[in-house]
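*Asks:* Dropping a structure here in C-alpha cells format, bear with me for questions.
The values are calculated or read from the model by the stated rules, or taken from the named source; none is laboratory data. Predicted model, so just to flag it, every value in this text is computed and none were measured. Here the Cβ positions follow ideal geometry from the backbone for every residue, glycine too, while neighbour counts run over all protein chains shown. Side chains included, ligands, DNA and RNA excluded: accessible areas come from the protein's heavy atoms. Shrake-Rupley method; radii C 1.70, N 1.55, O 1.52, S 1.80 Å.
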Protein chains: 2
Amino acid sequence: MNKNITSQTLSRLPLYFNYLISLPESRKSGHISATAIAEALGLNDVQVRKDLASVSNGGRPKVGYPTKELIGDIGKFLGFANHDGVIVVGMGNFGRAMLENRSFADYGFEVVGGFDCDEKLVGTEINGKPVRNVSELGSFCRERNIQIGIITVPEAAAQEVCDIMTGAGIKYILNFAPVHLSTPAGVAVHNENISLTLAMLARKNDIGDIK
Amino acid sequence: MNKNITSQTLSRLPLYFNYLISLPESRKSGHISATAIAEALGLNDVQVRKDLASVSNGGRPKVGYPTKELIGDIGKFLGFANHDGVIVVGMGNFGRAMLENRSFADYGFEVVGGFDCDEKLVGTEINGKPVRNVSELGSFCRERNIQIGIITVPEAAAQEVCDIMTGAGIKYILNFAPVHLSTPAGVAVHNENISLTLAMLARKNDIGDIK
DNA sequence: ACAATATCGATACTGGAATATCGATATTCC
DNA sequence: GGAATATCGATATTCCAGTATCGATATTGT
C-alpha cells in the first residue's frame, strides 16, 4: 500500500474494479492473481501488480490477492463510498442526460439538482431531480456545501455560469462547452470537448506516419 | 513541415486550433509566438514549437507564426475541411445531444443519422436527422462508407452495438457506455466514461500524492 | 520432506516524450 | 548602423511509464 500514485494508474483502477465486481460470486470468495487480471484485460501482469501495490496490502505468492478485499481496497481508494453532491447547469439534452446518468452513483457521486434560466423548465423535475433557477445556485450550493459542478450550457453562456459557480464555492468543474474557461486559483476545471475528442480519435491514422 | 508526427502531438493540435480560432479577429490578422500559445494553454513553449513544426512552414524569430496561416495549416492537417459522416446509436438524451451538437461541423464531422431499436423513435427526426432501426445500420454504413460511430446506449447493450458497428465497417468508435469494449484489430475505440472523468477531476487532490 | 510451480515484489532496463540549452536570425530601439 | 531582445529550430538531457528479469515465498503433489 503506497499512496504515491500516477494518474495513469488511477485511470486503470476503475478498470480492475469493474472487472472484479463482474466476476461470478463463486470466484469472488477466493483469491485472484495479477496475472489473471492482466490476461483478462489485455494488460501486462507486472503493470497490474504495480498498480495494485499502490492500493492493496499485497497478495501472496502462488495465491494472489483476496478478491473481496481487493474490490474493497480499490473502491475505498477511489472514494466510491463517498456521496459527493453534484449540480448540473444547462438543461438541454446533455444536461438531462447527466441527471439521468445512473453510473455516477457507482463512483460515489450524486446529482442533487439541475439549474437553468428558462422559466419553462424551472420548477420541473427530471429523473426525480428538481430544476431550479440559476439565480438560486449560489445559496443552494453554499447551504449544502456542493463542490462539484457540470456545465452543459451553450458556448456563449459558459464563462458566465463558470463565474457563478466559482462564486458559489464550487471547486471542481466539468465543462462540456467548447470554450476554454478561466477560473480563479484553487478551482479545477476539466474541459470535455466532444468534437475535439472525436477529432483526436478519427484523425490519428489518417495522417502520414504516426508513431 | 515534417510529416512524422506522434499521436501526442496530434492530440494537442486541435487544442492549438481551438485556441487560435477563439482569438479576437484583431489578433488573428497578425502573428503569434509559440511562447504566447504555450503560456495561454499552460504548456511548455518548446513543446508547442515542436508540435507546430510538424504542420507549419515555420515561424520567424522575434515575430512568431502568421496566425491565419497557422490556423489554416492545422485545420488542413487535421482534415477539418473534410466532411466525415458520423452515426450515433442510442437515442437517449445523450444521443440526442449528439445529433444536435453544432460544434461537430467546425471539426469536419457531420452526423448523418441516429439509430435505435425503439420502434417509437424509429422513423422520427431529431434536428432534421432521421432515426433508423439498428437493423439497417450495416447496409446504411456500407453504402455510404461511414467509418465513425458514437455509442450512447446503456451499458448492457454497448458491446452488442459495438459488434454491429465493426461488422458494418466502422473504424472509429467513441463509446460513452461505462464498459470496456473489445474490438477486432484495426478498430480504434475511445472510451469516454463521464463518471470516471469526474472521479479523476474531483478525487485527485483527495488521494495522497498524484503525479 | 522435498521438488516443482505459481505468484509476488523489487530492481534494472528501455524507449519515448517532455524539457532545457544553445546558436542563429529577425526585429526594435537608440 | 549596432546593440538589445524576442523568437525560432536543433540538439542534448532528463524524466517517466511500461516491461523484463530475478530472487523470495507460498502452495501443491509425490
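*Asks:* Along Cα→Cβ at 7 Å, what distances in nm separate the B:G58 label point from those on the other copies, shortest first?
*Replies:* 5.8
*Asks:* Hey, which residue of B has the C-beta nearest the axis mapping B onto A, and what's the distance in Å?
*Replies:* B:N93, 2
*Asks:* Obtain the nm distance between the two label points defined at B:D118 and A:C117 by a simple spin-label model: each point lies 7 Å from its Cα along the Cα-to-C-beta direction.
*Replies:* About 3.0 nm, to one decimal.
*Asks:* Once you place label points 7 Å from the Cα toward the Cβ at A:K28 and B:E69, how far apart are they in nm?
*Replies:* 6.3
*Asks:* For A:D118, go 7 angstrom from Cα along the Cα-to-Cβ vector, then report the distances to that same point in the other copies in nm, smallest first.
*Replies:* 1.8
*Asks:* Turning to a different aspect of this structure: What distance in nm lies between label points placed 7 Å from Cα along the C-beta direction at B:N133 and A:S135?
*Replies:* 5.0
*Asks:* Would you mind telling me which residue in A:A157, A:A199, A:A105 has the biggest mean-square fluctuation in a Gaussian network model of chain A, where springs connect alpha carbons within a distance under 10 angstrom?
*Replies:* Greatest mean-square fluctuation among the candidates belongs to A:A199.
*Asks:* Additional query: Distances from B:Q47 to the same residue in each other copy, label points 7 Å out along Cα→Cβ, in nm, shortest first?
*Replies:* Relative to the other copies, B:Q47 has label-point distances of 2.1 nm.
*Asks:* Mean-square fluctuation check for chain A, GNM, Cα pairs under 10 Å: which of A:G75, A:G167, A:G149 is largest?
*Replies:* Maximum fluctuation in the GNM of chain A, among the listed residues, is at A:G167.
*Asks:* Run lengths n ≥ 4 of DSSP H only: what is the helix-derived mean residue ellipticity at 222 nm for the protein assembly as shown, with -39500 (n - 2.57) per run over all residues, to the nearest 500?
*Replies:* On the way: 19 runs with 177 residues, N = 422.
The helix-only estimate for the protein assembly as shown comes to -12000 deg cm²/dmol at 222 nm.
*Asks:* Could I ask something else about it? Going through region A:42-140, which trypsin sites (Lys or Arg not before Pro) have at most 15 other Cβ atoms within 10 Å and a DSSP loop state?
*Replies:* On the way: sites: A:R49, A:K50, A:K62, A:K68, A:K76, A:R96, A:R102, A:K120, A:R132; in loops: A:K62, A:R102, A:K120.
Those satisfying the criteria are A:K62, A:R102, A:K120.
*Asks:* Still on this model: Going through region B:90-130, which GluC sites (Glu not before Pro) have at most 15 other Cβ atoms within 10 Å and a DSSP loop state? Before the final figure, lay out the partial values.
*Replies:* Working: sites: B:E100, B:E110, B:E119, B:E125; in loops: B:E119.
Answer by residue number: B:E119.
*Asks:* Could you check how much of the accessible area of region A:84-197 is carbon and sulfur, as a whole percent, using a 1.4 Å probe?
*Replies:* On the way: 2280 of 4770 Å².
Ligands and nucleic acids excluded, carbon and sulfur reach 48 percent.
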